[in-house]
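These notes are about the structure you will find just below.
No value in this document is a laboratory result; all are computed from the given coordinates. Nothing here was measured: the structure is a model prediction, and the numbers come from that model. Cβ placement follows ideal geometry from the backbone for every residue including glycine, while neighbour counts extend to all protein chains displayed.
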Amino acid sequence: MSQYTPEQIETEKKKQRFESSQSLQKIYMRAKIPDDWNNLDEFSNWYRSSGYPILPPADTKVYVGDITYSTVVFRKGRFQVEMYMVAPNSTSGVHTHNHESRFLHLAGSMEGYADDPNDSIRIGKQGPSIMKDGVDPDFGMFSPSSKIGEMHGLRTHEHGCVFFNFEMWPEDIEPTSALVQFVGPSTGPKHDEIKKA
C-alpha cells in the first residue's frame, strides 16, 4: 500500500511538470532556437554550435531495427535530428531517403559511402585518441549532405557507431524517421516492419 494519498501524488506530478516546463524554457532560451533555417547545413551547424540541445517531440518513440536503435532527439518544423546507435560489424546497404540528410559522428567507428561500398571514408576509432580526456578524435565530424534520391550507405566496425542524423524534410511530408522513409533493401525483418509504419 502506498504511503501517499492520490492527492499527494497528483500534487507531486504537477510540481514536477511545472519544474520540467521551466527547465524546457531555459533550454529554449539558452539554445536561441530560430523560427526556421534556410538549408540543412545551416540547421546542423546551428545545432552543433548550440551544444546539441536534446528536445524530443512529444510523439517520439524508439525504433528498434535489425542493426540499429534510433529516436528523434530534436524537431522544429521540417528539420529534425535523430540519434542512431548502430551494431558492431553491420552494414546498411546502399539506400536513399525522401529527405535531405547528413550525419555527425559521436562515437565508434564506421565507413560511409555513396554509390559504391568499395569507395568509402572511415570515421572514428582508428587508434588511440589524441584529444583531451580520451574523446573520440572524430567526435563532431560532419558528413557531406545527401540530397533526396542520392544513394549512400554505412558499414560499422568492431565498436559499432553512434551518430546524429540531421534531416530536412520536404514541406509536403510529415517528418517521421529515416528508418521509415528508407528507399532500398531493408536491413532485416524488424526494419521491414518499421518501413510499413
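With the charge dipole of the stretch 37-196 set up from +1 on Lys and Arg Cβ and -1 on Asp and Glu Cβ about the Cα centre, the Cα lying farthest toward the positive end among the listed residues 54, 113, 185 is that of 54. Over 29 Å apart at the Cα level, from the set 32/196; 32/147; 13/61; 147/196, are 32/196. Less than 14 Å apart at the alpha-carbon level, and either on another chain or at least 8 residues along: which aspartates and glutamates does that give for residue 195? Of all the aspartates and glutamates, those that pass the test against residue 195 - Cα under 14 Å, at least 8 places apart if same chain - are 66. Positive contributions from Lys and Arg (+1) and negative ones from Asp and Glu (-1), summed over other residues with Cβ under 14 Å from the Cβ of residue 98, come out at -3. Maximal additional length on extending the residue 46-residue 135 stretch stands at 29.9 nm, based on 0.36 nm per residue less the C-alpha distance. Per the Cα gyration tensor, the stretch 42-117 maps to an equivalent ellipsoid with semi-axes of 22, 15, 13 Å, ordered largest to smallest. Projecting the alpha carbon convex hull of the stretch 37-196 along each direction and taking the average yields 9.4 nm². Exposure proxy shown here: for 169, 46, the number of other Cβ atoms within 10 Å sets the order, fewest to most, as 46, 169.
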